[in-house]
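To keep things clear, I will list the structure first and then write my remarks on it.
The values are calculated or read from the model by the stated rules, or taken from the named source; none is laboratory data. Computed from a predicted model, the values in this text were never measured in an experiment. Cβ atoms come from the backbone with ideal geometry, glycine included; neighbour counts cover every protein chain shown. SASA here: full protein model, heavy atoms, side chains in, ligands and nucleic acids out. Shrake-Rupley method; radii C 1.70, N 1.55, O 1.52, S 1.80 Å.
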Amino acid sequence: MPNIAETKVLIIATHGFEQSELEFPRDQLRAKGAEVHVATLDGKAIKGWEGSDWGREAEADLKIQDANPHDYDALVIPGGQINPDLLRVEESVLALVRTFHDQGKVVAAVCHAPWVLIEAGIVAGRRMTCYTSIRTDLENAGAKVMDTSVVADNGIVTSRKPDDLKDFVAKIVEEIEEGTHGRKAA
């Protein structure tokens, strides 16, 4: 069983990520001792969305297409409307999500980020939660949607909104420390 302080976490995002949904997990996981990398589509800094306008930049460590899932224990996808909508049409993103899934590693998505999981084909039959406006999307993809701050289903962690981020991070840590999760390829 890995200790969070001995693990590596990859956050994937692009411009328009919900500010708190990238910063809070990144900073909290680092504070707990995890090595956290941020990967973007072009490997360059990205600008967040906060409230009704653009927010702060987040530095990038690498390009999404250069990320090796074997190097990480978990994948985190922040929400917002813009970020997951742009990510879910990128084959490099979908391939990365599927690889993390198929290797039994933790895959965590908050707010609108389950859109990416839908597109990757890994939600059918799972218990999940999300932001209210994409609930029907998750249900139509075959997920069993619950209205609670965080849901974990065999290492797939989902959460609803910024107010739930403490629960989201706590569940990510718990799932990482459980080790790999036995899952069949989607």
Diffing the range 14-22: the Karplus 3J(HN,Hα) column from phi (6.51, -1.76, 1.60, θ = phi - 60°), in whole Hz with x for Gly and Pro, holds 9, 3, x, 5, 5, 3, 5, 6, 9
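Accessible area per residue, 1.4 Å probe, Å², for the range 66-186: what's the number?
41
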Per GNM of the chain with C-alpha springs under 10 angstrom, the most fluctuating residue out of His70, His15, His37 is His70
Of the accessible area of the chain, computed with a 1.4 Å probe and all protein chains kept, carbon and sulfur make up a percent value of 43
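Among bridges DSSP assigns within the chain, what percent are antiparallel (round to 5)?
Beta bridges within the chain, antiparallel portion: roughly 25 percent.
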Scalar couplings 3J(HN,Hα) for the range 64-75 by Karplus 6.51 cos²θ - 1.76 cosθ + 1.60 (θ = phi - 60°), nearest whole Hz, x for Gly and Pro, are 4, 5, 8, 6, 9, x, 5, 7, 10, 9, 7, 10
Across the alpha-carbon set of the range 13-171, Rg over Rh with Rh taken as the Kirkwood radius works out to 0.92
Looking only at aspartates and glutamates whose Cα falls under 16 Å of Lys105's and that sit 8 or more positions away or on another chain, we get Glu6, Glu35, Asp71, Asp73, Asp153, Glu174, Glu175, Glu177, Glu178
Relative contact order in percent for the chain (Cα pairs under 8 Å, 6+ apart) equals 21
Within the range 4-93, the percent of DSSP beta bridges that are antiparallel, given to the nearest 5, stands at 25
With only helices counted (DSSP H, runs n ≥ 4, each -39500 (n - 2.57)), the per-residue ellipticity at 222 nm for the chain, to the nearest 500, works out to -9000 deg cm²/dmol
Placing each pseudo-label 7 Å from Cα in the direction of the beta carbon, Asn154 and Arg30 end up separated by a distance in nanometres of 3.4
Expressed in angstrom, Rg and Dmax over the Cα atoms of the range 1-52 are 12.2, 42
Farthest towards the positive end of the dipole of the chain, among Thr132, Asn154, Leu86 and with Cβ unit charges of +1 on Lys and Arg and -1 on Asp and Glu, lies the Cα of Asn154
What the 10 Å binned alpha carbon P(r) of the range 110-186 shows, as percent of pairs per bin from 0, is 21, 54, 25, 1
Any lysines whose Cα falls less than 18 Å from that of Lys44, other than same-chain ones fewer than 8 residues away, would be Lys63
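Taking the DSSP beta bridges in the range 1-54 as the whole, what percent of them are antiparallel, to the nearest 5?
Values: 2 of 9 bridges.
Roughly 20 percent of the DSSP beta bridges within the range 1-54 come out antiparallel.
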